[in-house]
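To start, the structure under review is shown below, and the notes come after it.
The values are calculated or read from the model by the stated rules, or taken from the named source; none is laboratory data. As the structure is a computational prediction, the values presented were derived from the model and not from experiment. Every residue, glycine as well, gets a Cβ built from its backbone with ideal geometry; the counts of neighbours run over all protein chains shown.
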Amino acid sequence: MTAAGQIRTAGTFTPQLLVYFAIITFIWGSTWLVIKTQLGVVPASWAVAYRFLLGGSAMMLMALVRGKSLRIGAAGHRFALVNAVMQFVLNFNLVYRAEEHVTSGLVALSFALLIVPNALLAAAFLGQRITPGFALGSIMGIGGVALIFARDLLAPGLDTRAVALGLALAIGGVLSASVANVMQATNVGRALPAEGGLAWSMAYGGILNALLAWVLAGPPVIDTSPAFLLGLAYLGLVASAVAFRLYYAIIRAVGPGKAAYNGVVVPLVAMALSTVFEGYRWTPLAVAGGLLAMVGLVVALRSRN
């Protein structure tokens, strides 16, 4: 059976996959608060490198403890290396740099758009059909996120050149992440052991990020404060090792398009947490956007291939 055929016959969420979806959405929604602990003393490039060096090491240790093989062959290593470049190097470095030019809200909106290239690439290379229900739900979700961050989008006095640069970097990150997502649903990606393939990919990502950080920011810089170290542990172990393992399982089961809907829900979780911890105040537009995004989620995930 082809990869496309597998996706067509297994394209809906099971209860277990819905639990996975909820877990990764909460985890990645919470990283907006945690990433703030990583920036300041430590250059962004080194913060990314530390995250994936830790995550990759944890994945390898987890695989060994559980008796999972780390042998993936030469083709598997080539696949893991390309995936590392797209998912863990280009994606994260472009996004971190995008936030130097635009608000995190605009970056979040960019990642809500991940549904679009994921669905189009899956249709082109995997034969996964884009159903009317999924398309409608995706449009509703993206529109909802746009309403949530309407204040950012309509803020007076925006530096249009900075915004253009920031959005270009963010979209670059989205496209690189999309390529990595679709790779997971190919025959080669699905044939790789989930734990071993991700462990090597994340480890390669950590090493490549460290080399890039040394070139861009100089020798390693570390912050020994409890906030930084605890934040790094959360990002490396929970938001990387755990969350990506669950996310890739969803991609392999339902395809990249539906899996990418987490990019719509993550901002809702982030805003909810910001309400509790930072005093974020919901505007009527933001409330309407949140409701629209959740309705879109139901419509998109109920659609069948």
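Taking the condition of being surrounded by 18 or more Cβ atoms within 10 Å (Cβ to Cβ), under 23 Å from LEU211 (Cβ atoms) and either of a type in the set (A, V, I, L, M) or at pLDDT below 90 (or both), how many residues in the stretch 50-71 meet it? Number satisfying all stated conditions: 5. Those helices (runs of 4 or more DSSP H) of the stretch 72-154 in which at least 1 residues are at pLDDT below 85, considering only elements entirely within it, cover 91-98, 104-112, 132-148, 150-153. Just to be sure, is ALA253 assigned to a helix (DSSP H, G or I) and farther than 29 Å from GLU100 by Cα? Answer is yes for this residue. Identify, from the list VAL179, VAL174, the residue that is touching a Phe, Trp or Tyr at 6+ places or on another chain (Cβ under 8 Å), buried (at least 18 other Cβ atoms within 10 Å of the Cβ), of a type in the set (A, V, I, L, M, F, W, C) and not in a loop (DSSP other than H, G, I, E, B). It is VAL174. You will find that of VAL107, VAL89, the residue that is touching a Ser or Thr at 6+ places or on another chain (Cβ under 9 Å), among the β-branched types (Val, Ile, Thr), surrounded by 21 or more Cβ atoms within 10 Å (Cβ to Cβ) and under 30 Å from PRO220 (Cβ atoms) is VAL89 and no other.
Let's see how each residue does on (1) surrounded by fewer than 23 Cβ atoms within 10 Å (Cβ to Cβ); (2) under 21 Å from LEU175 (Cβ atoms); (3) in contact (Cβ under 8 Å) with a residue 60 or more places away in the chain:
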| position | (1), (2), (3) |
| --- | --- |
| ALA233 | yes, no, yes |
| LEU237 | yes, no, yes |
| VAL242 | yes, no, yes |
| ALA259 | no, yes, yes |
| GLY263 | no, yes, yes |
| THR275 | yes, no, no |
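Answer yes or no as to whether SER201 is more than 19 Å from TYR50 (Cα to Cα), part of a helix (DSSP H, G or I), of a type in the set (Ser, Thr, Tyr) and modelled with pLDDT of 95 or more. No.
Within the stretch 32-49, residues that are surrounded by fewer than 17 Cβ atoms within 10 Å (Cβ to Cβ) reach partners that are among the acidic types (Asp, Glu) and not in a loop (DSSP other than H, G, I, E, B) with beta carbons closer than 9 Å, at six or more positions or on different chains, in the pairs LEU33/GLU278.
If you take the residues in the stretch 30-61 that are within 13 Å of GLY231 (Cα to Cα) and of a type in the set (A, V, I, L, M), which one is farthest from the chain's Cα centre (by Cα)? Applying the filter and picking the extreme gives VAL42. Every condition in (1) assigned to a helix (DSSP H, G or I); (2) surrounded by fewer than 23 Cβ atoms within 10 Å (Cβ to Cβ); (3) not polar (S, T, N, Q) is met by TRP282 except one, and the failing one is (1).
Condition test on ALA203, is it closer than 30 Å to VAL295 by Cα and either in contact with a strand residue (DSSP E or B) (Cβ under 9 Å, 6 or more places away or on another chain) or surrounded by 17 or more Cβ atoms within 10 Å (Cβ to Cβ) (or both)? So ALA203 does not fit the description; no.
Within the stretch 206-221, restricting attention to residues that are closer than 12 Å to TYR50 by Cα and of a type in the set (Val, Ile, Thr), the residue that is surrounded by the most Cβ atoms within 10 Å (Cβ to Cβ) is ILE207. Would you be able to say whether some residue in the stretch 159-167 is crowded, with 18+ Cβ neighbours inside 10 Å and either under 25 Å from TYR50 (Cβ atoms) or at pLDDT 95 or above (or both)? So far as the stretch 159-167 goes, yes, one or more of its residues are crowded, with 18+ Cβ neighbours inside 10 Å and either under 25 Å from TYR50 (Cβ atoms) or at pLDDT 95 or above (or both). Is it the case that VAL34 is farther than 23 Å from SER178 by Cβ, of a type in the set (Val, Ile, Thr) and not in a helix (DSSP H, G or I)? So VAL34 does not fit the description; no.
Residue-wise test of (1) farther than 28 Å from ALA123 by Cα; (2) among the small types (Gly, Ala, Ser).
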| site | (1), (2) |
| --- | --- |
| GLN184 | no, no |
| ARG190 | no, no |
| PRO193 | no, no |
| GLY197 | no, yes |
| TRP214 | yes, no |
| PRO219 | yes, no |
| ALA233 | yes, yes |
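Here LEU237 meets each of (1) in a helix (DSSP H, G or I); (2) under 23 Å from GLY144 (Cα atoms); (3) not charged (D, E, K, R) with one exception, condition (2).
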